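Encoded as structure tokens, the structure appears first; notes follow it.
The values are calculated or read from the model by the stated rules, or taken from the named source; none is laboratory data. Not measured: the values here are computed from a predicted model. Positions of Cβ are generated from backbone atoms using ideal geometry, with glycine treated the same way; all protein chains shown enter the neighbour counts.
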Amino acid sequence: MNIRTRFAPSPTGFLHIGGARTALFCWLYARRHDGRFILRIEDTDRERSTQPAVQAILDGMQWLGLDYEEGPFYQTQRFERYRLVAAQLLEQGKAYHCYCTKQELEQMRAEQLARKQKPRYDGRCRERREPRPGVQPVVRFKNPVDGQTVVDDLVRGRVVFDNRELDDLIIARSDGTPTYNFTVVVDDMDMRISHVIRGDDHLNNTPRQMNIFEALGAPPPRYAHLPMILGPDGAKLSKRHGAVSVMQYREDGYLPEAVINYLVRLGWSHGDQEIFSREEMIRYFDIQDVNQSASAINPEKLLWLNQHYIQHGDAGKLAAELAWQLARIGVRAEDPEKLAAVVRAQQERAKTLKEMALASRFFFEEFADYDPKAADKNLTADILPGLEDVRARFAALAEWKAAGIHQALEASVSAMQLKFGKLAQPLRVAVCGGGISPPIDVTLEILGRDITLARLDRALRWISARRA
């Protein structure tokens, strides 16, 4: 069997975390079985679909590394195909024109509710042959009126629907535009989709779609409906729970590897393993191992994963993300070697790339002012001789490397009869502007001799001015 999966988002909003998990599971299932992964943009809702949302979906997929073999296909470019298939169903008597007005449908619904019945179209136009003057009809699919439709769901198991509960859904509106349940079937049929993996909010659509497949003489795909993702409080996931877009995670300093690793564990597991490479995900993933119960977002676990991937990541690759983060705060950083050196110096302690960028700003641009508390405590008159001594030793170094810098600092500490921290911390404030940085010798090597000496001179002038 040729495995073909698809991710089919509607561009009425950004790629959110639930959609990203669906895309990941579709991608993994195709990769596991040497199949093909297809991207389809379901943009038939012309009023709500936007080009920025389309681009956000494409950007999110690219950032997460979810590459596709086919697509993106756009439903708005396939309207003629849908029209032809609807005409085929009409000709075969498997669909019909419905001339009911909005007012009539509302009255029908009100009467059914008054009788405590489930609101549904009652099929009054099913056998109508004559058009109704002045009314542009919709096209309805003739759903079977008896029997059952059985969904052998790969996640939820066997789900049975009574066809009498499924009314004749509209497949083409009065203006000729196709509806969701119809376009999905035509697309999945034409694109030879073997497995539809999607959220369980679509489960009630599945029997309707399977009946349309049968009417078209096409075998339906296998279905797998994923349980929903909840917020940390157990409520339905919403904007108040955090990022509304996958790209928001990038802006907040998360790595795609961490987000992907986090998503794969939302409803799926492989023993007690928490850290997965992409190769391991592909090797172990099986859609039938997905849990039926909902999963809750755990921000602390995502942060832990992100810190792991920062600590163990390749400095060269992380440097590109750091440069992107620095650009967001207005810092221009173009030297890849310096960026990689900063990553190596910072990656042990940083939890996010955004945090790393904010903590690394002083490496790439002059700071405006000293942190007041750090300056008041460390840049005092009594440390002036120590800073002058270490400056002279730095200027005399033959080679500007961390080991030599450390030796010069040790020599100055000994000459001034100080404890190491009593000189190292004022030195840190002098060159970094604040009291936090990577090890001081590594920090100064990255800054370079000229910048270090210039900032030391600035600190010496600042202390002298305050003393005066």
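Go through V331, V343 for me and flag whichever is hydrophobic (A, V, I, L, M, F, W, C), over 25 Å from R198 (Cα atoms) and either assigned to a loop (DSSP other than H, G, I, E, B) or in the same structural domain as S437 (by TED's automatic domain parsing) (or both).
Going through V331, V343 in turn, the sole match is V331.
Within the range 431-467, can you find the residues that are assigned to a helix (DSSP H, G or I) and over 16 Å from F394 (Cα atoms)? It would help to see each step written out before you state the result.
Of all residues in the range 431-467, those assigned to a helix (DSSP H, G or I) come to 431-432, 440-447, 449-467.
Answer for the range 431-467, where residues must be assigned to a helix (DSSP H, G or I) and over 16 Å from F394 (Cα atoms): C432, R461, W462, I463, S464, A465, R466, R467.
Given the options R140, R109, name the one that is within 25 Å of Q209 (Cα to Cα), of a type in the set (D, E, K, R), in contact with a Cys (Cβ under 8 Å, 6 or more places away or on another chain) and without any contact (Cβ under 8 Å) to a residue 60 or more places away in the chain.
Exactly one residue qualifies, and that residue is R140.
Could you say which residue among R466, R461, R428, R455 is more than 21 Å from Q347 (Cα to Cα), within 43 Å of the chain's Cα centre (by Cα) and basic (K, R)?
The match here is R455.
So, in the range 391-430, how many residues would count as being part of a helix (DSSP H, G or I), of a type in the set (A, V, I, L, M, F, W, C) and touching a residue at least 40 places away in the same chain (Cβ under 8 Å)? Give the steps one after another, and end with the answer.
Start the filter on the range 391-430 by keeping residues that are part of a helix (DSSP H, G or I), which leaves 391-396, 402-416, 420-430.
So of that shortlist, the ones also of a type in the set (A, V, I, L, M, F, W, C) come out as 392, 394-396, 402-403, 405, 408-409, 411, 413, 415-416, 420, 423-424, 427, 429-430.
Then keep just the ones that are touching a residue at least 40 places away in the same chain (Cβ under 8 Å); that gives 394-395, 402, 405, 423, 427, 429-430.
Selection size over the range 391-430: 8.
Under the condition of being hydroxyl-bearing (S, T, Y) and under 19 Å from the mean Cα position of the chain (by Cα), which residue from the range 50-83 is nearest to E279 (Cα to Cα)? Step through it out loud before you land on a result.
Quick first cut of the range 50-83, residues hydroxyl-bearing (S, T, Y) only: 50, 68, 74, 76, 82.
Those left that are additionally under 19 Å from the mean Cα position of the chain (by Cα): 50, 68.
Working: T50: 35, Y68: 17 Å.
Per the stated criteria, the residue is Y68.
Can you pull out every residue in the range 378-387 that is surrounded by fewer than 16 Cβ atoms within 10 Å (Cβ to Cβ) and in contact (Cβ under 8 Å) with a residue 12 or more places away in the chain?
Across the range 378-387, the qualifying residues are T380, A381, P385.
Residue-wise test of (1) touching a Phe, Trp or Tyr at 6+ places or on another chain (Cβ under 9 Å); (2) under 19 Å from P219 (Cβ atoms).
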| position | (1), (2) |
| --- | --- |
| C125 | yes, no |
| R158 | no, yes |
| I170 | yes, no |
| V184 | no, yes |
| I197 | yes, yes |
| N204 | yes, no |
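Does R198 satisfy the condition of being in a loop (DSSP other than H, G, I, E, B) and touching a residue at least 40 places away in the same chain (Cβ under 8 Å)?
On the way: in a loop (DSSP other than H, G, I, E, B): no; touching a residue at least 40 places away in the same chain (Cβ under 8 Å): yes.
No; evaluated as a whole, the condition is false for this residue.
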